[in-house]
Amino acid sequence: MKRIDKTIIHSTTYRDWIEEFENNEQNHEKYKSSGEHYWDVVMSLYHCQNGLCAYTEKDLIGDLELINIENWDDGKYQLLEPKPFHEGELEHFDSTLKPTKGWLWDNLFMVSCTINRRKSTKSIDNILKPDSPNYVPDELLDYDVNLHIFFANTNLDDETIKRVNDMIHVLGLNLVSGFRKSYINKRIERIKKGGDREPIEQYHTAYEMTLRNLNLQ
């Protein structure tokens, strides 16, 4: 799971709208997927996440042309008809904020439908919040190149190891291990045989850790 930079919001109408609530310390309008700013948030997040699930890094949108900056005009995403196909859902990292801060940018990510429904209202720990300035993948995570699963970096203290491993489970980082294994191993075998390195479109963190752990950088 890579760190995500969410400092730039291309949907500036949404940004200004949400800042009004924050500046006046008001509760947000009730969250609903049919809301006026829903697609602005969705596509802005996809832009920040490069079309990938925030947690597993699985490709959710396929066509990156959909999240080019040219698709925003006058502060809004220009929604196509039919609506863009994608395999994600808008996820509230801390579900306890949803009733009163349902549109809070800092609490939102695009994730796969399976991950979102599985995580649901589970308790969270910000230690693996992917947009946190304190989140550094290489410091907190390691990767098993045989099982293709993430686990806590064993250089951490015991308490932190438990916190990281708990959140790996909550965020479902290893639920795609089978797909990830097939995707990465195909490219690793090609490298070992002297072939060109294929472009990586998903699972970047796992792939980079695999290269490092196999001394193939």
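The values are calculated or read from the model by the stated rules, or taken from the named source; none is laboratory data. Given the structure is predicted, the values throughout are model-derived calculations rather than measurements. Counting neighbours? That spans all protein chains shown, and the Cβs are built from the backbone with ideal geometry, glycine included. Calculation scope for accessible area: heavy atoms of the full protein, side chains included, ligands and nucleic acids excluded. Shrake-Rupley method; radii C 1.70, N 1.55, O 1.52, S 1.80 Å.
Restricting attention to the range 1-60, and to residues there that are under 24 Å from Tyr183 (Cβ atoms) and touching a Lys or Arg at 6+ places or on another chain (Cβ under 7 Å), which single residue is most open to solvent (accessible area, probe 1.4 Å)?
Cys48
Report the residue count in the range 51-63 for those that are within 17 Å of Thr7 (Cβ to Cβ) and more than 9 Å from the chain's Cα centre (by Cα).
0
Only one residue in Leu175, Leu141, Leu147 is of a type outside the set (Phe, Trp, Tyr) and open to solvent by less than 40 Å² (accessible area, probe 1.4 Å), so which one is that?
Being of a type outside the set (Phe, Trp, Tyr) and open to solvent by less than 40 Å² (accessible area, probe 1.4 Å) holds for just one of Leu175, Leu141, Leu147, which is Leu141.
Which condition number in (1) assigned to a helix (DSSP H, G or I); (2) open to solvent by 50 Å² or more (accessible area, probe 1.4 Å) is the one that Lys122 fails?
It fails just one condition, (1).
Pick from Glu208, Glu198: which is open to solvent by 20 Å² or more (accessible area, probe 1.4 Å), modelled with pLDDT of 95 or more and of a type in the set (D, E, K, R)?
One residue alone meets the criteria, Glu208.
Residues are listed down the side, and each one gets a yes or a no for (1) within 19 Å of the chain's Cα centre (by Cα); (2) under 22 Å from Phe93 (Cβ atoms); (3) in a helix (DSSP H, G or I):
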position	(1), (2), (3)
Ser132	yes, yes, no
Phe150	yes, yes, no
Thr154	no, no, no
Ile161	no, yes, yes
Asp166	yes, yes, yes
Asn185	no, no, yes
Arg197	no, no, no
Gln202	yes, yes, no
Ala206	yes, yes, yes
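Scan the range 42-49 and tell me whether some residue there is of a type outside the set (Ser, Thr, Tyr) and assigned to a loop (DSSP other than H, G, I, E, B).
no
In the range 72-130, what residues are polar (S, T, N, Q), within 17 Å of the chain's Cα centre (by Cα) and under 22 Å from Thr13 (Cα atoms)?
Within the range 72-130, Asn107 is the sole residue that qualifies.
So, in the range 178-195, exactly how many residues are open to solvent by 20 Å² or more (accessible area, probe 1.4 Å) and closer than 24 Å to Gly62 by Cα?
Residues in the range 178-195 being open to solvent by 20 Å² or more (accessible area, probe 1.4 Å) and closer than 24 Å to Gly62 by Cα: 9 in total.
Looking at the range 1-37 only, could you name the residues that are under 17 Å from the mean Cα position of the chain (by Cα) and either touching a residue at least 60 places away in the same chain (Cβ under 8 Å) or farther than 25 Å from His204 by Cβ (or both)?
Met1, Lys2, Arg3, Ile4, Asp5, Lys6, Ile9
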